[in-house]
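Presented below is the structure to which this report refers.
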Amino acid sequence: TPAPATTTASNVDPALADSLQEELASLSGYIERSLLSARAENGHLDTQISTVEIAVFLRDLIEPHAMMAREEGREMRLESSGSFHVRTDKALLRQVIDNLLVNALQHGTGDIQLRVIPRADKLALLVVNSCGGSPARRGNGIGLRLVHAIASALPDTRFLRHAGTRWHAAMLVLPA
């Protein structure tokens, strides 16, 4: 009788190996976001509050997303009328904004606008884009759940969103 066939890393089809790597990376990201969301929702999120100059922070953060948008024939624009500072956790803010931009790219259409809107002792960051993602492009909702959980865990921070029939808007309100 012939010996049973075994599969080793050396004889796996490279395309299959790449596909498996992508799936593992996606699953790993999902698990990390889920765990972070659970920690935030249960009040176990460590924060390191500092002052962040928001326009500079956003310019650096959005560049990779803007490049992806351009590859799809879309634009990502940042509108800020000055230099504004917020008090927040820089790493968590990066996570929140990254999730909002990924959602806008994956689930929306058209150009993406980021607006910095100063308000008395607050600052609002608005992310707006057109609707139109196909049902196949809809996600599992963990990204927005994570955004809401982190915003709730940060001092004086709120997350609001509007999902209309023509456009989507997400607003993060931060302490100035």
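The values are calculated or read from the model by the stated rules, or taken from the named source; none is laboratory data. Source: prediction; values computed, not measured. In this analysis, Cβ positions are derived from the backbone assuming ideal geometry, glycine residues included, and neighbour counts consider all displayed protein chains. All accessible areas refer to the heavy atoms of the entire protein, side chains included, with ligands and DNA or RNA removed. Shrake-Rupley method; radii C 1.70, N 1.55, O 1.52, S 1.80 Å.
The modelled label-to-label distance for the pair ILE49/VAL12, using points 7 Å beyond Cα in the direction of Cβ, is 4.6 nm.
Heavy-atom accessible surface of region 44-173, averaged per residue, reaches 53 Å², computed with a 1.4 Å probe.
Multiplying the sequence separation of ARG119 and HIS85 by 0.36 nm and subtracting their Cα-Cα distance, what value in nm do you get?
Working: separation 34, 0.36 × 34 = 12.24 nm, distance 1.19 nm.
So the extension gain works out to 11.1 nm.
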